[in-house]
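A short write-up of the structure that comes next.
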Amino acid sequence: MKDEAYQPPPSGGGGGDAASHDAWMNALLVAALFARDPTRFGGVIVRARPGPVRDAWLRRLKAHLRDDTPVRRMPIGITEDRLLGGLDITGTLNTGAPVFRNGLLTEADGGIIVAPMAERMDALTISRIAAALDTGAVRVERDGVSRTTPARFGFIAFDEGAFDEGTRPDETVSPILADRAAFLVDLSDVTLRQTAMPVSAPMVERGDVTATLTSEQLTASVALAAAFGVTSVRTLGFFVKTIAALAEIASREAPNEADIERAAALVIAPRATQMPAEDDQTEPAPDEQDEEDQPERQNENPDAMEDRLIDAIAANLSAAILDRMARGKSRRGAAKATGAGAQAVSQSRGRTVGTRRGELNGKARLHVLETLRAAAPFQRLRRTETGPTHHRLHVRAEDIRVRRFKDQRETLTIFVVDASGSTAADRLAEAKGAVECFLTRCYSRRDQVALIAFRGDHADLLLPPTRALARAKRALAGVPGGGATPLYAGLEAARALTEQAQRQGQSVNIIVFTDGSANMGRTGPGRAQAHADALDAATRLSISGASTLVIDTATRPRPKAREIANALDATYMPLPHADARTVATAVEAIAA
């Protein structure tokens, strides 16, 4: 096949239509590569709202598949036995012997699993899928059955979280799945008109050609990934496989520089977390070469090839990727955040997440199907033990299975605002505006908010935990400014409110606006003692385990504010030149 058949689209330059056209063309190339060998590339994460654009991409992918390739759709609430396989209750009760039924992962062996709403997939399902992807098999040991079945498949996970009102901005596909997917595709800006444009898709038939990268190309590939902050070993493996696949499509045993660039645009660019570091050294201009000598250029100067590839990818990063990189920086260090809507185990309410062995005590809810499944393998033995009876089904206490639930926990976000003279003069207005913006977003998720302001020699709970947006705005508007800075008092008030909320089963986020310049301690004025008291209060608050963010409101970042953040085990964010909206966006990225 000719190389021209899968040429990448021209650079979008900067126009929105051109950028979305490039995204669609890259998505089509991903569909063709993935359909060529789903198990080779693991999976595809597709960020798109439900609709005709997403359906058009899926139709293109299915058109590349062989007719006998299994495609299975996985519902969001799939049960463990349907996912992995287990006892066939009807067959077991009819025959009196265990009858095994394959699960969805085994049914998809050699094919593809399509998972809509993947951002809401529970942790147990994610772990089961990840284990099957790693081992290529499913091991079932339950209900008296022990069996291993093959499960070699690729998955397509649709990420709809960013388009669903009421979901959190950081609610996205699990990193565990994303790490096992070769490609991340963003169709959010692609229009239906663009999907109708005719394109020449690459051939996907498997040929006899096997492409192999040279040592120089491997070195350049690793350097290219590292330059953009991509360090996952799995991602590097997918990167190399994609380079080889692009060469194999063109019936070439040796990839060229264009293959590496195309593969980087598909695998590395969507995962970029940083821009390459600037190099002050300038290289001499390369000697002019004839076209016949171009293939050898990549082996003569591997460093020059690395630089050319890095420059080419950096120049074509889309605005969406650059924006995500900026937001990603603000999320670092927030891994322990409990977030809105944290979940708690419940006996009688919430979403069903499985079953457990239990007893009928009036609190737990019986799971009839799982109870029958537990009892089914032993029916022939129990009939022999009891002799002829009028009971056709023998269920014992050890067979009882009850439902396990996870209930959505409320989240309380506590704003601790430094209203002292130093902050009032600098950033109190911006802090108020940021808090008000965030209050609106909390209200849309039905979370509770509270507001503590400290100034003079004490801290005031201006707004007890509430969902009343109008009340919160009134309290915020009345925050006075000026006076000394009793930082310890604000942190102690936050600790008392946090302990009260946690006793009620709530998750807690704490947002502290301060410049760290405490000058009022427990025993009176004095900067040294006031700072020591603040550090002591911060250490006590950190024991609660609440997710905490410290925003340094000084015009220049101050070491004391960072010390307070370290004592709180909190994320520290200096924002010396930010307005209210910027502060609110940063708070949302970490605390949401």
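I need the Kirkwood Rh of the stretch 78-167: take the reciprocal of the average 1/r across all distinct C-alpha pairs and report it in angstrom.
The answer is 14.3 Å.
On full extension of the chain, what length is gained from Ala528 through Asp68, given 0.36 nm per residue of separation minus the C-alpha to C-alpha distance?
Using 0.36 nm per residue and subtracting the Cα-Cα distance, I get 158.1 nm.
Suppose R0 equals 45 Å; then what is the FRET efficiency for Thr148 and Arg252 from their Cβ-Cβ distance, rounded to the nearest 0.05?
In this case the efficiency is close to 0.70.
In nm, what is the difference between 0.36 nm times the number of residues separating Asp55 and Thr555 and their Cα-Cα distance?
Length gained, Asp55 through Thr555: 175.0 nm.
Name the residue from Thr242, Ala258, Val230 whose Cα lies farthest towards the positive end of the charge dipole of the stretch 230-269, charges +1 on Cβ of Lys and Arg and -1 on Cβ of Asp and Glu.
Val230
Per the Kirkwood treatment, what hydrodynamic radius in Å, one decimal, follows for the stretch 13-160 from the mean inverse distance over all distinct Cα pairs?
One decimal place: 16.7 Å for the Kirkwood radius.
Between Glu385 and Glu436, with labels modelled 7 Å along Cα→Cβ, what's the label distance in nm to one decimal, could you check?
So the label points at Glu385 and Glu436 sit 7.2 nm apart.
Given a 1.4 Å probe and the protein chains all in place, what does the accessible area of Asp88 round to, in Å² to the nearest 10?
Only protein atoms counted, so the area is about 50 Å².
Tell me the Rg and the Dmax, in Å, that the Cα atoms of the stretch 501-580 produce.
Expressed in Å, the Cα Rg and Dmax of the stretch 501-580 come to 13.4, 39.
The values are calculated or read from the model by the stated rules, or taken from the named source; none is laboratory data. Note that the structure is predicted; figures quoted are calculated from it, not measured. FYI the Cβ positions are ideal-geometry reconstructions off the backbone, even for glycines, and counts take in every protein chain you see. What goes into the accessible areas is simple: the full protein's heavy atoms, side chains included, and nothing from ligands, DNA or RNA. Shrake-Rupley method; radii C 1.70, N 1.55, O 1.52, S 1.80 Å.
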